[in-house]
Amino acid sequence: MKIPHDPVAFEEHFKDDSKGPLSSDGYMPYLNWFILDKVQEDFDVTEFHRMCWTLCYKKKMHSPHLSISINDAFKVWCIFNFLSEDKYPLVIIIDEIEYFLRKLTEAMGIGLDEEKFAEYKANSKSCLSAWETINLVGMTYFCREVEPQTLSMGINHVFTELIMDVLKQGYMVKKGHKRKNWTERWFVLRPTALSYYESEDVLDLKGEIVLDQSCCVEALNDKDGKKCLFIIKCSDKSFEIRAPDKKKRQEWIQAVHSCIQLRRLGLTSPHHEARRRRREVRQRQQAEEEELAERMKELQAANERKQRELEDMRMKMEEAAAKATREELQRKKTELDMQDRYRLDLEREKLVRLQMEEQMAQKSSELEQYLQRVRELEDMYHLLEEALEDERQAKHDEEAMRKLQSRLLQEEAAKRVELEQLHLQQQRELVQTEVEKKELIAEQQAKDRDLQAAALQLQRLEKERQDALEQYEEMSKKLERAANKTKTWKDKVAKHEGLVRLIQPGQKEPQRMTNWGPASFTDTELEMRKKFWQQSKAQGAQTQ
């Protein structure tokens, strides 16, 4: 490492560890202070790795069944140091192992056995040491049957790419600057320069194209029979190169352009950047996992608190359940007592209800009878109203008949007075003359008979008046009969009066003459009969 050794400082630092093995407290500080802190960048890292490898591989490598050489194991060991985590002791995680194995199988041109690796990933540890990694690669567990030479070439390719920072290498033809001739060279592309050698053993370096921010690369058209040309333009000179084919030319142009872009961005090797990005992703994932674990712890603590609260709630619920059970028993007992009381009350209510139903039935029958009586009374009331109406009408008719009878009685009384006067006059006349006595007696007997007939007629009229109160419908007929009978009676009276006048001497009025001879009535009698007929007709109209 081109660091001067200081024996005095060495002896002074390890004076307490003169007996027995060195302690970590003594060894690691010396390594950091007196060696690693004095490292310069111009030493050969590969030789340093080889020195470290020489110190430890014989003690650590024990498997006799490895299909790789010691030199290939050294390269795997270097790749492990590159991909391992930055913490002591060094380990490589399973994701970096998968990355390394995929790069190795791609370099060998075969595929990784995904099923075996998935099984190994599920059952193995999450990280491996350097010697476990060498055994894993040397046993070729995840690859198909592969030749040791092919495996060695794949390990060398990955070592060259990751450790030596060789991004691309291969034969191309370069145009000279002085003689302008085309010469085949072995080109090796690193992040900072494109070197070319005499052959692929990279022993004889012929030149180097330094790649900086001012460089550029572009394809050239075919000229002078040369094809697949491209040019790298630097600040001081340009380099024309011919690739084996168009595909290789495009790959070289893309690789050189990527290196120039890294230089412009101030970045180191792309593999170092990819490793840094992978580590950042893992750190973020680890931080997220730690945060998730912290949250899980918080959730677990909260869950435990919830469990305790639930346990307390369960205890309280059990107590509440026991209390509820006691209350339920008490409630059931109370309910049974209440049910007994309710049953007794119900029985009493049933009896009362039956009695009430009987009373209601009785009341209903009474009500029905009462309603029947009310309907009958209503019918009787209607009948009474009709009877009263009939009675009022009969009374009205009776009043009319009474007036008629009173008028008839007045007329009869007047006639009776006249008859009495006539009788008295006849008696006087009988006294005056006995000759006429016999005739008068005969006439008187006839008049008595007429009076008796008139008396009978009066009785019949009285009876008819009484019948008129009961039967109003026959009143008109009775009135007609009474009128007829009265007419008959009046005819008889008139006849009697005519006879009397014939007997009674006196002045006669002039006799009325008709077409058939002398009239039966005088003008005065005819006038009286006419008035009487008009009065009877007016009374009949009022009665109707």
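A few comments on the model shown:
- Cα centre as origin, Lys/Arg/Asp/Glu Cβ charges: the chain dipole, Debye: 2120
- Normalised by 2.2 N^0.38 Å, where N is the number of residues, the alpha-carbon radius of gyration of the stretch 389-453 equals 1.75.
- Rounded to the nearest 20 debye, the dipole magnitude of the stretch 292-407 is 960 debye, with +1 charges on Lys and Arg beta carbons, -1 on Asp and Glu beta carbons, and the Cα centre as origin.
- Residue-wise HN-Hα couplings along the stretch 369-378, as the Karplus relation 6.51 cos²θ - 1.76 cosθ + 1.60 with θ = phi - 60° gives them from phi, are 5, 4, 5, 4, 5, 4, 4, 4, 4, 5 Hz; Gly and Pro carry x.
- Cα-centre dipole for the stretch 168-268 with unit charges at Cβ (Lys and Arg positive, Asp and Glu negative), debye to 20: 340
- Residues in the stretch 203-208 carry Karplus couplings, in order, of 9, 9, 7, 9, x, 8 Hz; the curve used is 6.51 cos²θ - 1.76 cosθ + 1.60 with θ = phi - 60°, and Gly or Pro positions show x.
- Coupling constants for the stretch 216-223 follow from the phi torsions by the Karplus curve (6.51 cos²θ - 1.76 cosθ + 1.60, θ = phi - 60°), and in residue order they are 8, 9, 7, 7, 10, 6, 5, 8 Hz; glycine and proline get x.
- When the P(r) is computed for the chain, the part past 33 Å accounts for 74% of the Cα-Cα pairs.
- Once the chain from Met338 to Ser365 is taken as fully extended at 0.36 nm per residue, the excess over their C-alpha distance is 5.9 nm.
- Partners of Lys60 within straight-line reach, counting aspartates and glutamates whose Cα lies under 18 Å from its Cα and excluding those fewer than 8 residues away in the same chain: Asp72, Glu132.
- Here, the stretch 7-163 is characterised by an Rg to Rh ratio of 1.04, where Rg is the alpha-carbon radius of gyration and Rh the Kirkwood radius.
- Projecting the Cα atoms of His5, His157, Gln169 onto the dipole axis of the chain, where Lys and Arg carry +1 and Asp and Glu carry -1 at the beta carbon, places Gln169 farthest toward the positive end.
- Residues Arg460 and Arg428, FRET efficiency given R0 of 25 Å [Cβ-Cβ distance, rounded to 0.05]: 0.15
- Against the chain, whose longest principal axis is taken from its Cα atoms, helix 523-543 shows a tilt of about 20°.
- Size descriptor for the stretch 168-268, Kirkwood hydrodynamic radius: 13.7 Å (Cα pairs only, one decimal).
- Taking the inverse of the mean 1/r over every pair of distinct Cα atoms in the stretch 81-222 gives a Kirkwood hydrodynamic radius of 18.0 Å.
- Cross-link partners for Lys58 among the lysines, with Cα-Cα distance under 22 Å and sequence neighbours closer than 8 places in the same chain left out: Lys75.
- Note on the chain: with neighbouring protein chains present and a 1.4 Å probe, carbon and sulfur make up 53 percent of its accessible heavy-atom surface.
- Cα-based Rg / Dmax (Å) for the stretch 53-128: 13.5, 37
- Estimated inter-spin distance, Asp37 and Glu347, nm [label 7 Å along Cα→Cβ]: 11.0
- Degrees between helix 45-60 axis and first principal axis of the chain (Cα, 0 to 90, nearest 10): 80
- The stretch between Glu85 and Tyr171 holds 27.4 nm of extra length on full extension. This uses 0.36 nm per residue minus the Cα-Cα distance.
- Reachable lysines from Lys437, criterion Cα separation under 16 angstrom, eight or more residues apart if same chain: Lys447
- Between Gln285 and Ala453, the modelled label-to-label distance comes to 16.1 nm, taking each label 7 Å out from Cα in the direction of the beta carbon.
- Cut-off under 5 Å, modelled amide H: who pairs with Phe187 long-range: Gly170, Tyr171, Met172, Tyr197
- Applying the criteria of a DSSP loop state and at most 14 other Cβ atoms within 10 Å to the trypsin sites (Lys or Arg not before Pro) of the stretch 90-165 yields Lys125, Arg144.
- Here each label is just a point 7 Å from Cα along the line to Cβ, and for Met1 and Glu47 those points are 1.5 nm apart.
- Prolate/oblate/rounded call for the stretch 302-379, Cα gyration tensor, a/c under 1.5 rounded: oblate
- Residues of the chain: accessible area per residue with a 1.4 Å probe, Å²: 71
- Angle of helix 435-470 to the longest C-alpha principal axis of the chain, folded into 0 to 90 degrees and rounded to 10: 10°.
The values are calculated or read from the model by the stated rules, or taken from the named source; none is laboratory data. Note that the structure is predicted; figures quoted are calculated from it, not measured. Positions of Cβ are generated from backbone atoms using ideal geometry, with glycine treated the same way; all protein chains shown enter the neighbour counts. Accessible surface is based on the protein model in full, side chains and every heavy atom, while ligands, DNA and RNA are left aside. Shrake-Rupley method; radii C 1.70, N 1.55, O 1.52, S 1.80 Å.
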